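What follows is a set of notes on a single structure, which appears directly below.
The values are calculated or read from the model by the stated rules, or taken from the named source; none is laboratory data. Keep in mind that what you see is a predicted model, and the values were worked out from it rather than measured. Accessible surface is based on the protein model in full, side chains and every heavy atom, while ligands, DNA and RNA are left aside. Shrake-Rupley method; radii C 1.70, N 1.55, O 1.52, S 1.80 Å.
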Amino acid sequence: MKNLFFLLLPVIFIACNQATSSPESSEPQTPVMEESSAPLLRHVVMFKFKDESSEADVQSVIDAFAALPEKIPSIHAFEWGTDNSPEGLQDGFTHCFFLSFKSEEDRATYLPHPDHKAFGKVLGPHLDKVLVVDYWAK
(Lines give C-alpha, C1' and ligand atoms only; values in the text may rest on other atoms or scores of the structure.)
Protein backbone atom coordinates (compact mmCIF):
# COMPACT_ATOMS: atom_id res chain seq x y z
CA MET A 1 0.00 0.00 0.00
CA LYS A 2 2.84 2.39 0.84
CA ASN A 3 4.45 1.72 -2.55
CA LEU A 4 1.12 2.39 -4.28
CA PHE A 5 0.91 5.76 -2.54
CA PHE A 6 4.32 6.82 -3.83
CA LEU A 7 3.40 5.64 -7.32
CA LEU A 8 0.18 7.65 -7.19
CA LEU A 9 1.66 10.83 -5.72
CA PRO A 10 2.79 12.26 -9.12
CA VAL A 11 -0.60 11.39 -10.58
CA ILE A 12 -2.35 13.09 -7.66
CA PHE A 13 -0.20 16.19 -8.07
CA ILE A 14 -0.80 16.42 -11.82
CA ALA A 15 -4.53 15.75 -11.45
CA CYS A 16 -4.91 18.41 -8.79
CA ASN A 17 -2.99 20.97 -10.81
CA GLN A 18 -4.90 20.28 -14.03
CA ALA A 19 -8.38 19.80 -12.58
CA THR A 20 -9.56 23.39 -12.33
CA SER A 21 -12.80 22.84 -14.22
CA SER A 22 -15.20 20.01 -14.67
CA PRO A 23 -16.72 19.21 -18.05
CA GLU A 24 -19.81 18.00 -16.17
CA SER A 25 -20.48 21.49 -14.82
CA SER A 26 -21.98 24.25 -16.93
CA GLU A 27 -20.27 26.89 -14.79
CA PRO A 28 -16.48 27.29 -14.97
CA GLN A 29 -14.66 26.85 -11.69
CA THR A 30 -12.23 29.67 -11.02
CA PRO A 31 -9.41 28.92 -8.59
CA VAL A 32 -8.21 31.59 -6.22
CA MET A 33 -4.96 32.73 -7.83
CA GLU A 34 -1.80 32.94 -5.80
CA GLU A 35 0.10 36.22 -5.72
CA SER A 36 3.18 35.32 -3.72
CA SER A 37 6.38 33.71 -4.95
CA ALA A 38 7.23 32.60 -1.38
CA PRO A 39 6.93 28.86 -0.70
CA LEU A 40 3.41 27.80 0.16
CA LEU A 41 2.16 24.96 2.30
CA ARG A 42 -0.07 22.76 0.12
CA HIS A 43 -2.92 20.74 1.59
CA VAL A 44 -4.22 18.15 -0.89
CA VAL A 45 -7.46 16.38 0.02
CA MET A 46 -9.05 13.61 -2.05
CA PHE A 47 -12.45 12.02 -1.45
CA LYS A 48 -14.08 8.77 -2.40
CA PHE A 49 -17.80 9.11 -1.80
CA LYS A 50 -20.14 6.36 -0.67
CA ASP A 51 -21.93 4.58 -3.51
CA GLU A 52 -25.30 5.49 -2.01
CA SER A 53 -24.53 9.23 -1.97
CA SER A 54 -26.51 11.02 -4.68
CA GLU A 55 -25.16 13.66 -7.04
CA ALA A 56 -27.01 16.24 -4.94
CA ASP A 57 -25.29 14.92 -1.79
CA VAL A 58 -21.88 15.17 -3.43
CA GLN A 59 -22.68 18.66 -4.72
CA SER A 60 -23.62 19.76 -1.19
CA VAL A 61 -20.17 18.61 -0.01
CA ILE A 62 -18.45 20.45 -2.88
CA ASP A 63 -20.43 23.63 -2.17
CA ALA A 64 -19.60 23.46 1.55
CA PHE A 65 -15.88 22.93 0.88
CA ALA A 66 -15.77 25.69 -1.76
CA ALA A 67 -17.35 28.12 0.73
CA LEU A 68 -14.52 27.71 3.26
CA PRO A 69 -12.10 30.27 1.72
CA GLU A 70 -14.69 33.00 2.29
CA LYS A 71 -15.14 31.89 5.90
CA ILE A 72 -11.54 31.08 6.90
CA PRO A 73 -9.08 33.88 6.10
CA SER A 74 -6.01 31.70 6.65
CA ILE A 75 -6.74 29.84 3.38
CA HIS A 76 -4.48 31.57 0.85
CA ALA A 77 -5.69 29.73 -2.28
CA PHE A 78 -8.24 27.05 -3.15
CA GLU A 79 -9.14 24.98 -6.18
CA TRP A 80 -10.80 21.66 -6.84
CA GLY A 81 -11.69 19.28 -9.62
CA THR A 82 -12.92 15.83 -10.47
CA ASP A 83 -10.73 12.99 -11.64
CA ASN A 84 -10.31 12.47 -15.35
CA SER A 85 -7.19 10.30 -15.39
CA PRO A 86 -7.13 7.57 -18.05
CA GLU A 87 -4.67 5.46 -16.02
CA GLY A 88 -7.23 3.74 -13.80
CA LEU A 89 -5.18 4.25 -10.62
CA GLN A 90 -7.70 6.41 -8.75
CA ASP A 91 -8.64 3.70 -6.24
CA GLY A 92 -12.15 5.16 -6.18
CA PHE A 93 -11.09 8.73 -5.40
CA THR A 94 -13.11 11.10 -7.56
CA HIS A 95 -12.64 14.60 -6.13
CA CYS A 96 -9.44 16.51 -5.37
CA PHE A 97 -9.30 19.72 -3.34
CA PHE A 98 -6.11 21.78 -3.25
CA LEU A 99 -5.62 24.42 -0.55
CA SER A 100 -2.59 26.61 0.01
CA PHE A 101 -1.46 28.26 3.22
CA LYS A 102 1.30 30.81 3.78
CA SER A 103 2.45 29.17 7.01
CA GLU A 104 1.99 26.19 9.28
CA GLU A 105 0.28 28.57 11.69
CA ASP A 106 -2.33 29.35 9.01
CA ARG A 107 -2.95 25.63 8.55
CA ALA A 108 -3.13 25.23 12.33
CA THR A 109 -5.85 27.91 12.36
CA TYR A 110 -7.77 26.18 9.56
CA LEU A 111 -7.84 22.62 10.90
CA PRO A 112 -9.77 23.25 14.15
CA HIS A 113 -11.73 26.23 12.77
CA PRO A 114 -15.47 25.97 13.54
CA ASP A 115 -16.39 26.34 9.86
CA HIS A 116 -13.99 23.52 8.92
CA LYS A 117 -15.57 21.37 11.64
CA ALA A 118 -19.05 22.24 10.32
CA PHE A 119 -17.91 21.18 6.85
CA GLY A 120 -16.86 17.83 8.32
CA LYS A 121 -20.44 17.28 9.46
CA VAL A 122 -21.69 17.85 5.90
CA LEU A 123 -19.03 15.52 4.51
CA GLY A 124 -19.19 12.73 7.09
CA PRO A 125 -22.35 10.92 5.99
CA HIS A 126 -21.08 10.70 2.40
CA LEU A 127 -17.40 9.92 2.88
CA ASP A 128 -16.12 6.45 2.05
CA LYS A 129 -12.37 7.25 2.01
CA VAL A 130 -10.16 10.30 2.31
CA LEU A 131 -6.51 10.88 1.47
CA VAL A 132 -4.67 13.98 2.71
CA VAL A 133 -1.13 15.02 1.76
CA ASP A 134 0.50 18.23 3.00
CA TYR A 135 3.83 19.50 1.67
CA TRP A 136 5.84 22.66 1.23
CA ALA A 137 5.92 23.64 -2.44
CA LYS A 138 9.40 23.75 -3.93
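Probing with 1.4 Å while keeping every protein chain in the model, the per residue accessible area of segment 52-138 equals 55 Å². Taking amide H as placed 1.01 Å from N in the peptide plane, residue 94 has its amide H under 5 Å from the amide H of 47, 48, 49, each at least 5 places away in sequence or on another chain. Taking 0.36 nm per residue of separation and subtracting the Cα-Cα distance, full extension of the segment from residue 129 to residue 54 would add 25.4 nm. Solvent-accessible area assigned to carbon and sulfur over segment 50-138 amounts to 54 percent, based on a 1.4 Å probe.
Phi-derived couplings, Karplus 6.51 cos²θ - 1.76 cosθ + 1.60 at θ = phi - 60°, listed residue by residue for segment 85-92: 6, x, 7, x, 10, 5, 6, x Hz, with x used for Gly and Pro.
Pairs of alpha carbons in segment 67-118 separated by more than 16 Å make up 50% of all such pairs.
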